[in-house]
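Student: One structure, pasted below without further comment.
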Amino acid sequence: MKTLDVSVVTPDGPVLDGTYEMVSCRAESGELGILPGHIPLVAPLTISAVRLKKENNTDFIAVSGGFVEVRPDKVTILAQAAEQPSDIDVDRAQQAKERAQQRIDSRREDDIDFKRAQLALQRAINRIDVANH
Amino acid sequence: MASLRDIKNRINSTSSTKKITSAMELVSASKMTKAEQNAKSFVPYMEKIQEVVASIASGNTDVDHPMLQSRPIKKTGYIVITSDRGLAGPYNSNILRSMYQAIQNRHQSKDDYVVIPLGKVGTDFCKRMDLPIAKSIVGLDDQPEFAEIKEIASYAVNLFEEEEVDELYLHYNHYVSAISQKATETKVLPLTDINAEGKQLSTYEYEPDQEEILNTILPQYAESLVYGALLDGKASEHASRMTAMRSATDNAEELIDELTLSYNRARQAAITQEISEIVGGASALE
């Protein structure tokens, strides 16, 4: 079975290095599934979970503000923030979610803080999802 | 000549200062090691993002993005990285002096530039010198995380995107080694000199297209340049503080030696005087 070397890097250091059989992630233009031998590709990712498959296991990683760089035998995910499920503080994410929700409720849609709160909400929900897998 | 008790007091106060400075030296040394590690763990991210940006920017000449383009300079932005606290030797004064000189050389009027100081010392300096401050941030952690700096980095990048400033410089102390830090100026924006020499560039497919990718990647790249400089600056700060504290400790030791000598001399003089008084008194009785 062919495999892919996957590494996830953030400005705060590498989050994960490993060998997997398949990577699926959500790019801005849609869902991407990457198998070994993929053509070189660069795509920005949405705030989402990256799924890494190995045999019968699937590992999840929450990413935000990142993009994926694909080479035939190597996948690099560069993200401004990325966490493994075990590193996620669910309580903190829950609080962030509530805070963002409140902010969204109290502001008009053209407000710049509205956008920011929406992004914060997405990040919090994404983290909670990943942590619960 | 100072009295015995005066000298004793000075010795005591100097040795308690010495205790503090040597403790601070140890603290800075361990912080420096950590800061060095942080800077190291940032390298893979930086290299990768640089590689991707370079391969996009150099692979096609028809790529067009405002952040890659030089435009006539009407206003310049300066980001300067300083510490929050002093006691770091020449760390802050070096970087502020080099920035101030650069500004004086380049601009005639205050409307031609804005400063974004990071750290309290830099902010106070700008206020004192009456430099226009666009935004400042104080109280950064000793081991800053990307999230802390993201806001101000994207603010600076935004200034450029909205053509508030037409170029952006970064002033920070580059960490050469534990005993040497160098005040450095780098140009962040526009991204005219992305060097990827010696690296093998690959040609990529872009999903959805190059423009879209550049739109997300370039701001991230610029932000990470700022973050990288901050990590570098923090490592320099701790190194500089460590050196400053070490020489303070050495000086205190020297002072204590000197004072102990004069204390002993004074004590000896007092004893000699007492003896000669006794002898004088005894011979007067005979």
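The values are calculated or read from the model by the stated rules, or taken from the named source; none is laboratory data. Predicted, not measured: the structure shown is a model, and the values here were computed from it. Cβ: placed from backbone, ideal geometry, glycine included. Neighbour counts: every protein chain shown. To get the accessible areas, we keep the full protein, side chains included, count just its heavy atoms, and leave off ligands, DNA and RNA. Shrake-Rupley method; radii C 1.70, N 1.55, O 1.52, S 1.80 Å.
Student: Can you list the strands (runs of 3 or more DSSP E) lying wholly within segment B:93-203 that have 3 or more residues being more than 13 Å from residue B:76 (Cβ to Cβ)? So that I can check it myself, show each step before the final result.
Tutor: Values: elements: B:113-118, B:167-177, B:180-189.
The qualifying strands (runs of 3 or more DSSP E) are B:167-177, B:180-189.
Student: Being of a type outside the set (D, E, K, R), without any contact (Cβ under 8 Å) to a residue 12 or more places away in the chain, within 14 Å of chain A (Cβ to nearest Cβ) and part of a helix (DSSP H, G or I): is that true of residue B:43 here?
Tutor: Judged against the criteria, residue B:43 is a match.
Student: If I go through segment B:204-249 residue by residue, how many of them are open to solvent by less than 30 Å² (accessible area, probe 1.4 Å) and in a helix (DSSP H, G or I)?
Tutor: 30
Student: Could you check segment B:176-185 and list, in sequence order, the residues that are open to solvent by 50 Å² or more (accessible area, probe 1.4 Å) and under 22 Å from residue B:106 (Cα atoms)?
Tutor: B:182, B:185
Student: Which of the numbered conditions does residue B:100 fail, given that it passes all the others? Conditions: (1) more than 22 Å from the chain's Cα centre (by Cα); (2) open to solvent by 60 Å² or more (accessible area, probe 1.4 Å); (3) within 22 Å of residue B:159 (Cβ to Cβ).
Tutor: (1)
Student: Conditions: (1) closer than 23 Å to residue B:151 by Cβ; (2) outside any helix (DSSP H, G or I); (3) modelled with pLDDT of 85 or more. Residue A:123 meets all but one. Number of the miss?
Tutor: The single condition residue A:123 does not satisfy is (2).
Student: In segment A:9-20, which residue that is in a strand (DSSP E or B) and within 11 Å of chain B (Cβ to nearest Cβ) is most open to solvent (accessible area, probe 1.4 Å)?
Tutor: Applying the filter and picking the extreme gives A:17.
Student: Just to be sure, is residue B:71 in a helix (DSSP H, G or I) and of a type in the set (Lys, Arg)? Write out each step before concluding.
Tutor: Numbers: in a helix (DSSP H, G or I): no; of a type in the set (Lys, Arg): yes.
Criteria not met by residue B:71.
Student: Same structure, new question: Of these, A:42, A:6, A:23, A:75, which one is part of a strand (DSSP E or B), open to solvent by less than 10 Å² (accessible area, probe 1.4 Å), within 8 Å of chain B (Cβ to nearest Cβ) and more than 22 Å from residue A:120 (Cα to Cα)?
Tutor: Exactly one residue qualifies, and that residue is A:42.
Student: Restricting attention to segment B:127-175, which residues are away from chain A (no Cβ under 14 Å), among the polar types (S, T, N, Q) and open to solvent by 20 Å² or more (accessible area, probe 1.4 Å)?
Tutor: Residue satisfying the conditions is B:136 alone.
Student: Which ones in segment A:54-72 are part of a strand (DSSP E or B) and over 15 Å from the mean Cα position of the chain (by Cα)?
Tutor: Once the filter is applied, which keeps residues that are part of a strand (DSSP E or B) and over 15 Å from the mean Cα position of the chain (by Cα), segment A:54-72 yields A:54, A:57, A:70, A:71.
Student: Just one of A:47, A:61 is open to solvent by less than 40 Å² (accessible area, probe 1.4 Å), away from every other protein chain (no Cβ under 14 Å) and modelled with pLDDT of 85 or more; which is it?
Tutor: The unique qualifying residue is A:61.
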